[in-house]
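Working notes, beginning with the structure itself.
The values are calculated or read from the model by the stated rules, or taken from the named source; none is laboratory data. Just so you know, these numbers come straight off a predicted model, no measurement behind them. Cβ atoms come from the backbone with ideal geometry, glycine included; neighbour counts cover every protein chain shown. For the accessible areas, the whole protein counts, side chains as well, though only heavy atoms, and no ligand, DNA or RNA atoms are used. Shrake-Rupley method; radii C 1.70, N 1.55, O 1.52, S 1.80 Å.
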Amino acid sequence: MTGRTFADLAGRAAKIDRRTLLIGGGAGVGLMLAWSFWPRDYPANLTAAAGETIFNAWLKIGIDGHVTVAIPQAEYGQGSYTALPQILADELGADWRTVSVEPAPLNPLYTNTLGADELFEGLFANVPDAVKQSHAARVALVMTAASTSVRAFEAPLRQAGAAARALLCKAAAAQWNTGWQDCDTKDGFVTQGTQGKQRRRFGDLAVAAAGYSLPDVLPMRAGDGGLYGQSLPRLDVPAKVDGSANFAGDVRLPDMVFASIRQGPVGDTRLLDIRRKPADKVRGLVAVVQRDDWVAAVATDWWAANRALDALHPRFSTQGNIVNSDSIEAALTAALAGKGERMAQRGDLAAVFKDAQIVAADYRVGLAVHAPVETMTATAHFTGGALKLWLPTQAPGLARTAAARALGISESRVIVHPMLIGGSFGANLEHQVAVQAAILAEEVKRPVQLIWSRGEDLLHDRYRPPAAARLAARLGANGAILGWQTKIAAPATGRELARRLMADDKGARAAIALGGFGDPYAVAGALPFYRFPVYAIDHHPADIGVPTGHWRSGAHSYTAFFTECFLDELAHVAGTEPLSFRVSITGEARLVRCLSTVGALGGWEGGVAGSGQGIACHSFRGSHIAVLAEAHFEDGQIPVVDRLVAAVDCGQMVNPDLVRQQIEGGLLFGMAAALGGTTGFSENLAEARGFGALNLPRLANAPDITVELIKSEAAPGGVSELAVPPVAPAIANALQSAAGFRLRELPLSASR
């Protein structure tokens, strides 16, 4: 029940007037919808299979009763293909066993301005909301990012479900000669009266319902339909288990060939030469394609292409400074000592710090790799001046724009088929593989599937940036924090990411230029959610010579490490137990509940010496979490995590099982980054070339994990990134209590 293939983007022409929008469907049935529900300039382009009736941009119902929900968000394991249909199905009154999902076509109707806002962490704060929304619609900014799927699309999905429910009730009421308000829906049926004296299946009524108009006011259930809040089975799991789910690497087209690519080192790189004769001896080689900074071998299978690529033995020339681990560290150190920009402040910090005893500490984090199971992959077919792309993407509109520009064709000549994604963690916001595949397809005149090798994927990742921080605070006589300062040296990743993803967008480039030289993305999460009377947050931009990008939870992954470790150090100076210390300065009641819950659930002993326990918390995208870790050093050197306990308040939950899965996965992801998941650099090349170099957790050494989901009536908050930030500081605090010394650098290692 994973749905059907991606709908053709061309869509059908729509007739628009002042009151209604006529949507054409493959079944030849039109539906009159209230004008207020649709932007005037963007008719829906959802298409219908035989026997399906299109109800709106989100919903189709078949004559057999199946309900298909169009979802504009990528599915990369976070559960958007379940949670989002569940919202609509709840409002519609559908039977979950009849619900399926398909990717929505590219259309401004599905833009995610909230995702863009929260991804870039306020980079476009100076742009009025109306301008941002208009701009997002014009460029079809369909984006899966920043834990916004439910928050961005719950309202339109609920409206779509309510609209279809009203129409189905009108169709049934006409047959039963009663008022439509006397009808309701449940389990895929329209029923009459509270006793359900009569009932008709959705499929029997769908075609007739298409002829009715919407009421002036839609009756909304708002979560009372029976499905919201239930841990319903995931729609994407059965096909993933039996192998029928299609990922980008599963695409097969007639006459298709396969490509492997080798790109030059980071920096200003140019391809010098290749050895063509040895490559020509590889059986199956079809073509060799060269560009200024990469070369690709194309063959009848990928292994032949990769062998030919090795035989080519490409040599590159890199201009400019040499990048290695030492140069990256030096750039961070110099930036931290240099000029910064104040990103946030309250009160006069200089006056508070003047002639006072200050507690200070320096922290560091290294580059972090994405390393999803699926490497960068895309299939391209260029024929008749038009391009079709199949790829795992979190931003299909941006990928379409970039590919069109690379081939010099109109965006209207590019169709993007977004595929299921084998993990991402932010990597699939990037679209360089789409551009490369498009160029290869044009060059060889055949469909081409380009797959980066694991080594290539690690060598040319858009890494989570490294950062250095200097934190300082003044404590009062009773241990109260009177003043707080955070200085962070890190690349301006938000600006870099926006410029790279929106390279063809003049409006976005102009907006990026607004303001100073600091980057709100680079210090996101450093703004205290604690009650500090006086504080200052400074960003010191660092040019490290390595491309950086969005990584699960972004800068929160290191700012939480800085803040939560330093708070523990302050608690020790003040002679206060760390959990109570946090509670005393926390103004958020929901976060306090998380802290008290995790303490009780985890058997918190106060973080005393020898306990091996540490605690940390974070508030993020409307959600709150506290994490308790138990850890120790093996052989006095190797950090080992024995146990992780988390208490989470993320507001109302569409599907609690999905939330639990994301929290458990986030805890392990954060632990991987705390103990490894990094790479050094040497001569402009990443040193990690495979999973074996990343010290990732395995089943044999995975800790015991306990997750408590706290019930809440608050609005849904973000979940998929929530558990990552507090894990590393909780582990670091646990190791301090176990061994008596403090590690202030990620990844954590006693040798440092």
**Q.** Accessible area of the chain belonging to carbon and sulfur atoms, whole % at 1.4 Å probe
**A.** 50 percent
(Q) Which order do the peptides 215-221, 745-751 come out in when sorted by mean C-beta neighbours inside 10 angstrom, highest first? (A) 745-751, 215-221
**Q.** the range 514-586 versus the range 130-203: alpha-carbon centroid distance in Å
**A.** 42 Å
Q. Going by Cβ distance under 4.7 Å, what cysteines of the chain have no possible disulfide partner?
A. Cys565, Cys594, Cys617, Cys650
Q: Can you pull a Stokes-Einstein diffusion coefficient for the range 219-263 at 4 °C (1.567 mPa s), Rh from Kirkwood over Cα pairs, as a whole number of µm²/s?
A: 86 µm²/s
Q) Counting Lys and Arg as +1 and Asp and Glu as -1, what is the net charge of the other residues whose Cβ lies under 14 Å from the Cβ of Ala296? A) -1
(Q) With every atom except the alpha carbons ignored, what do you get for Rg and Dmax of the chain, in angstroms? (A) 27.2, 84
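Given only helices, namely DSSP H runs of n ≥ 4 each adding -39500 (n - 2.57), what is the per-residue ellipticity at 222 nm of the chain, to the nearest 500 deg cm²/dmol?
The helix-only estimate for the chain comes to -9500 deg cm²/dmol at 222 nm.
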Q. In this model, which of Lys240/Lys711; Lys339/Lys487; Lys240/Lys388; Lys388/Lys445; Lys132/Lys388; Lys186/Lys240 are farther than 19 Å apart at the alpha-carbon?
A. Lys240/Lys711; Lys240/Lys388; Lys132/Lys388; Lys186/Lys240
Q.
Going by average Cβ density within 10 Å per residue, which order do the peptides 382-388, 365-371, 734-740 take, highest to lowest?
A. 365-371, 734-740, 382-388
Q: For Leu709 and Glu745, compute 0.36 nm times the residue count separating them, minus their Cα-Cα distance, and round to one decimal in nm.
A: 9.9 nm
Q. Taking 0.36 nm per residue of separation and subtracting the Cα-Cα distance, what length does fully extending Ala480 through Asp642 add?
A. 55.1 nm
Q: Have a look at the DSSP beta bridges in the chain and tell me what percent are antiparallel, nearest 5.
A: 75 percent
Q | FRET efficiency estimate (nearest 0.05) - Cβ-Cβ, Leu699 to Asp242, R0 35 angstrom | A | 0.95
Q: Take each complete run of DSSP H in the chain, measure how far its Cα atoms stretch along the helix's own axis, and keep only those covering 20 Å or more with mean Kyte-Doolittle hydropathy at least -0.5; list them.
A: 149-176, 556-574, 656-675, 724-739
Q) Label Phe691 and Ala334 with points 7 Å out from Cα along Cα→Cβ: what is the distance between them in nm? A) 3.9 nm
Q. By per-residue mean of other Cβ atoms within 10 Å, what is the highest-first order of 348-361, 167-180, 415-428?
A. 415-428, 167-180, 348-361
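Restricting to Cα pairs below 8 Å that are 6+ residues apart, what does the relative contact order work out to for the range 668-707? Please round to a whole percent. Present the calculation step by step, with values, prior to reporting the outcome.
Working: 25 pairs, mean separation 16.4, N = 40.
It comes to 41 percent, rounded to a whole number.
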Q. For the range 682-740 and the range 300-352, what is the separation of their Cα centres, given in Å?
A. 23 Å
(Q) Could you compute the net charge surrounding Gly614? Neighbours are other residues with a C-beta less than 15 Å from the C-beta of Gly614; K and R count +1, D and E count -1. (A) -3
